[in-house]
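Trainee: Sharing a structure here in C-alpha cells format.
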Amino acid sequence: MKFIIGKKLEMSQIFKADGNVIPVTAVLATPNVVTQVKMAEGKDGYNAVQVGFGVDKKIKKSLAGHLKSLAPVKTIKEFRVDSTDATALKRGDEITVEVFAEGDEVRVSGVSKGKGFQGVVKRHGFHGAPKSHGHKDQERMPGSIGAGGVQRVFKGKRMAGHMGDENTTVTGLNIVAIDAEKNILYVKGALPGARNSVVTIYGPG
C-alpha cells in the first residue's frame, strides 16, 4: 500500500500536450519518516506503520522520548499494512513522493473547512417554504420535525447545527504530475480542507 502525509497548498491547472486543461491541487509532501513499525507477531498484535510529517520546534517530553534519535515531527499518523509492507520498512526510513507514479488512482483524507452554525437549507439542502403570501419569515425554516406524541427529537434528525470541520475522504482521484525536486504532488480535482491543512494520500497496493 502506498501512502504519504502532506500539506495542501493551492488549486491550479495543468495544460496537457493535447491542449486539455486539468484542474489540480498541489500537495507539498516533504519526506515522511517512519517513526515506528508494528508487527502482528509482536506485542501490538497487528501490522502497521507509524509515519511522521513536518518539523516541530517544540514537542512534549513523551513525544520526544518516542522520537528519540529522530527529528521532531509535527504530525504523526498510523497506516495499517500487510506483513510484507511492515517488514519492508524500518524505523528511520523515509517515504517520498516518488512512491507514487503519474496516473495512480488515490484517495485523499483531510478535515473539511468549518462553516460554523448553519440552517437546514445550507446544511442539508432543504428547499424551504413557498415564497408566496402568508409565509413571512418562513422561507428557510425547517418546518415540522415529526409526530407530537413522542415528545422528543429522534437521533439523527436533520436540523440546523455545526457544519464542516470533520474528517472527509475523497475517492477516485488521480496523480497528474509529480515534482520530485520540490516534493510536490499534483492531484486531479479538489481536496478536503483549507490551504496549509494536513491531508493524507492513499494509493494502490
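Trainee: Do we find a residue being of a type in the set (D, E, K, R), assigned to a loop (DSSP other than H, G, I, E, B), at positive phi and surrounded by 12 or more Cβ atoms within 10 Å (Cβ to Cβ) anywhere in segment 152-159?
Mentor: Just the residues of segment 152-159 that are of a type in the set (D, E, K, R), to begin with: 152, 155, 157-158.
Of the ones still in play, those that are also assigned to a loop (DSSP other than H, G, I, E, B) are 152, 155, 157-158.
Applying the additional criterion that residues be at positive phi yields none.
Within segment 152-159, not a single residue is of a type in the set (D, E, K, R), assigned to a loop (DSSP other than H, G, I, E, B), at positive phi and surrounded by 12 or more Cβ atoms within 10 Å (Cβ to Cβ).
Trainee: Out of segment 12-35, which residues are among the hydrophobic types (A, V, I, L, M, F, W, C), closer than 19 Å to Asp104 by Cα and assigned to a strand (DSSP E or B)?
Mentor: Across segment 12-35, the qualifying residues are Ile14, Phe15, Val21, Ile22, Val24, Ala26, Val27, Leu28.
Trainee: A further question on this structure: Regarding segment 168-178, can at least one residue be identified that is touching a Ser or Thr at 6+ places or on another chain (Cβ under 8 Å), open to solvent by less than 40 Å² (accessible area, probe 1.4 Å) and either of a type in the set (Lys, Arg) or closer than 23 Å to Tyr46 by Cβ (or both)?
Mentor: no
Trainee: Looking at segment 121-133, can you tell me whether even one residue there is assigned to a strand (DSSP E or B), open to solvent by less than 100 Å² (accessible area, probe 1.4 Å), of a type outside the set (Lys, Arg) and touching a residue at least 24 places away in the same chain (Cβ under 8 Å)?
Mentor: Looking through segment 121-133, none of the residues is assigned to a strand (DSSP E or B), open to solvent by less than 100 Å² (accessible area, probe 1.4 Å), of a type outside the set (Lys, Arg) and touching a residue at least 24 places away in the same chain (Cβ under 8 Å).
Trainee: Here's something else I'd like to know. Only one residue in Phe100, Phe15 is surrounded by fewer than 13 Cβ atoms within 10 Å (Cβ to Cβ) and either closer than 13 Å to Thr200 by Cα or aromatic (Phe, Trp, Tyr) (or both). Which one? Show your work before the answer.
Mentor: Details: Phe100 fails: surrounded by fewer than 13 Cβ atoms within 10 Å (Cβ to Cβ).
Answer to the selection: Phe15.
Trainee: Any idea which residue in segment 103-117 is farthest from Ile22 (Cα to Cα), counting only those that are of a type outside the set (A, V, I, L, M) and either open to solvent by less than 40 Å² (accessible area, probe 1.4 Å) or without any contact (Cβ under 8 Å) to a residue 40 or more places away in the chain (or both)? Working first, answer last.
Mentor: Filtering segment 103-117 for residues of a type outside the set (A, V, I, L, M) gives 103-105, 107, 109-110, 112-117.
Retained after the next criterion (residues that are either open to solvent by less than 40 Å² (accessible area, probe 1.4 Å) or without any contact (Cβ under 8 Å) to a residue 40 or more places away in the chain (or both)): 104, 109-110, 112, 116.
Values: Asp104: 15, Ser109: 21, Gly110: 22, Ser112: 23, Gly116: 31 Å.
Only one residue fits best here, namely Gly116.
Trainee: Taking only segment 18-50 into account, find how many residues are in contact with a Phe, Trp or Tyr (Cβ under 9 Å, 6 or more places away or on another chain), aliphatic (A, V, I, L, M) and buried (at least 16 other Cβ atoms within 10 Å of the Cβ).
Mentor: 7
Trainee: Could you please find all residues in segment 160-180 being assigned to a loop (DSSP other than H, G, I, E, B) and closer than 22 Å to Gly52 by Cβ? Don't jump to the end; show me each part of the working.
Mentor: As a first pass, look at segment 160-180 and keep what is assigned to a loop (DSSP other than H, G, I, E, B): 160, 165-166, 180.
The answer is Ala180, and nothing else.
Trainee: Okay, next question. For the subset of segment 136-151 comprising residues that are of a type in the set (A, V, I, L, M) and within 18 Å of Gln118 (Cα to Cα), which member is surrounded by the most Cβ atoms within 10 Å (Cβ to Cβ)? Before you say what the answer is, go through the steps one by one.
Mentor: Going through segment 136-151, the residues of a type in the set (A, V, I, L, M) turn out to be 141, 145, 147, 150.
Going one step further and asking which of them are within 18 Å of Gln118 (Cα to Cα), we end up with 141, 145.
Numbers: Met141: 15, Ile145: 12.
By that ranking, first place goes to Met141.
Trainee: Tell me yes or no: at least one residue of segment 52-59 is of a type outside the set (Lys, Arg), over 24 Å from Ile184 (Cα atoms), out of contact with any Leu (no Cβ under 8 Å at 6 or more places or on another chain) and in a loop (DSSP other than H, G, I, E, B). If you could, list the steps in order and put the result at the bottom.
Mentor: Here is the first cut: in segment 52-59, the residues of a type outside the set (Lys, Arg) are 52-56, 59.
Restricting the remaining residues to those that are over 24 Å from Ile184 (Cα atoms) gives 59.
Adding the requirement that they be out of contact with any Leu (no Cβ under 8 Å at 6 or more places or on another chain) leaves none.
Among the residues of segment 52-59, not one is of a type outside the set (Lys, Arg), over 24 Å from Ile184 (Cα atoms), out of contact with any Leu (no Cβ under 8 Å at 6 or more places or on another chain) and in a loop (DSSP other than H, G, I, E, B), which makes the answer no.
Trainee: So which residues in segment 60-87 are β-branched (Val, Ile, Thr) and either assigned to a helix (DSSP H, G or I) or loosely packed, with under 12 Cβ neighbours inside 10 Å (or both)? Step through it out loud before you land on a result.
Mentor: Quick first cut of segment 60-87, residues β-branched (Val, Ile, Thr) only: 73, 75-76, 81, 84, 87.
Correct list: Thr84, Thr87.
Trainee: Just one of the numbered conditions (1) more than 26 Å from Val37 (Cβ to Cβ); (2) exposed (fewer than 15 other Cβ atoms within 10 Å of the Cβ); (3) under 26 Å from the mean Cα position of the chain (by Cα) is not true of Lys90; which one?
Mentor: With (1) more than 26 Å from Val37 (Cβ to Cβ); (2) exposed (fewer than 15 other Cβ atoms within 10 Å of the Cβ); (3) under 26 Å from the mean Cα position of the chain (by Cα) applied to Lys90, the lone miss is (1).
Trainee: Related question: Taking segment 181-205, which residues are crowded, with 17+ Cβ neighbours inside 10 Å and either small (Gly, Ala, Ser) or in a loop (DSSP other than H, G, I, E, B) (or both)?
Mentor: Asn183, Leu191, Pro192, Gly193
The values are calculated or read from the model by the stated rules, or taken from the named source; none is laboratory data. Bear in mind the structure is a predicted one, so any value in this text is a computation, not a measurement. Cβ sites come from the backbone with ideal geometry, for glycine too, and all protein chains shown count toward neighbours. Each accessible area value is taken on the protein alone, full model and side chains, heavy atoms only, with ligands, DNA and RNA left out. Shrake-Rupley method; radii C 1.70, N 1.55, O 1.52, S 1.80 Å.
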